[in-house]
Amino acid sequence: MGLYRPQNVLAFLAFSSIALAAETDAVAISGNIQARHVPYGAVLDPVFATPDSTQIVSYTRCGDSAIWTGHYLAAEAFRYRVTRSADALASVKGAVAGLKSLVDVTGINLLARCVVPVSSPYAQSITNEEQHNGIHTNASAGLYWIGNTSRDQYSGVFFGLGVTFDTVDDPAVRSTITDLVTRLLDNLQGHSWTVFMPDGTASTTFIGRADQQLSFLKVGSHVNPAKFSTSYDVQKIFLSLGVLAPIALEVQSNSSYFKFNLDSINLYNLIRLDSSSLYAPAYNVLRNHTKDQQNAFFNMIDRALRGPDAVRDAEQTRRSVQDNVPSRRSWRWSSAARTARAARTPPLPTPPERGPSSRAHG
């Protein structure tokens, strides 16, 4: 199996005409993530003592660690495909290892939302924040892991693994991806596409989301054709007509806007890996809704699937990327620091929270 062609994956990086500035920003952002956001392998958000401090006093958003590690993996994989830099490859390997830890820790090929060492000085604050998702312990590994895993988390992981398999030509990385995809799909198919926690409770189901089932299976058939090609071909017959319906329903409003990110990443892998035009109507409905929203990520997905477009690429995406490169320091500080600051300063509008996610989601 060959690597995915670079003319498509290049769309996910800053365009070559602004390569110098874009690469500088990308390297800086990557360095920030490595320094502050991956204390245990997968992506977390640091909490700083004060807005101007570099002292990390805790970590937050552990419940979204899986989805954002998948996105981060994809970003580093695209960077490596273009630059071939050793640090990009190291980051890819680190993110893959982080995702592997989220599967290994459960012991049943279930994806955890997050892992944190029992011995971590931040373990108490993290687990307190994630009580609603359920705290599990792998005593032999000395790890807590967060359950109640959602479809969002799986979508981000399959997105990252699918992208990386086709953009990183490292045999060990590709072998690990094949193993992880196989284990995750074995668990999902073995439980009829419903995610069960160790106590038997169901946290979510993919029933009714033909687009997501087929996307995951297509990645599986791509990385492990001997095991999943027949399964994909069979399910394609039964499920393909159901791909359009949930997306057509979702575009009726912009509420829970993050749903369009999930639709985009799942259709990206499904369409690019399936040479038929069977899923084009679903993507057309999605894109017709998002095309005027000037969302750089959605525009990059569209470029990868449909090719160049001068207005979209130059007037929307490049300008959006240049205007919205995030701050090179992280966004959050501790509630204690905020309280202390409020006591000695007049009330101010709450500063925008910046991080891998702009909202809490499933």
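Laboratory data are not the source of any read-out in this text; all were calculated from the coordinates shown. All figures in this text were calculated on a predicted structure; none of them were measured in a lab. Cβ sites come from the backbone with ideal geometry, for glycine too, and all protein chains shown count toward neighbours.
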Least to most buried among I56, I207, I265 (fewest other Cβ within 10 Å first): I207, I56, I265
What's the magnitude of the charge dipole for the range 1-177 around its Cα centre, counting Lys and Arg as +1 and Asp and Glu as -1 at the beta-carbon? Answer in Debye, nearest 20. 340
Which whole number of Å³ per residue matches the convex hull of the alpha-carbon atoms in the range 111-153? 61
Cβ crowding within 10 Å averaged over residues, with 267-277, 40-50 ranked highest first: 40-50, 267-277
Out of every Cα pair in the range 125-263, what percent are spaced more than 20 Å from each other? 56
Alpha carbon centroid spacing (whole Å) that separates the range 99-174 from the range 222-262: 23
Relative exposure of C114, C62, judged by other C-beta atoms within 10 Å (fewest first): C62, C114
So for each of 174-181, 72-79, 93-100, 247-254 I average, over its residues, the number of other beta carbons within 10 Å; can you give me the resulting order with the highest mean first? 72-79, 93-100, 174-181, 247-254
At a Cα cut-off below 19 Å, give the lysines reachable from K259, other chains included and same-chain residues fewer than 8 away excluded. K291
Within a 10 angstrom radius of the beta carbon, how do M300, M197 rank from fewest other beta carbons to most? M197, M300
If packing is taken as the average number of other Cβ atoms within 10 Å across a peptide's residues, how do 308-317, 282-291 rank, most packed first? 282-291, 308-317
How high is the relative contact order of the range 1-177, in percent, with contacts defined as C-alpha pairs under 8 Å that are six or more residues apart? 26
How are the Cα pair distances of the range 1-177 distributed, in percent, across 10 Å bins from 0? 10, 36, 33, 17, 3, 0
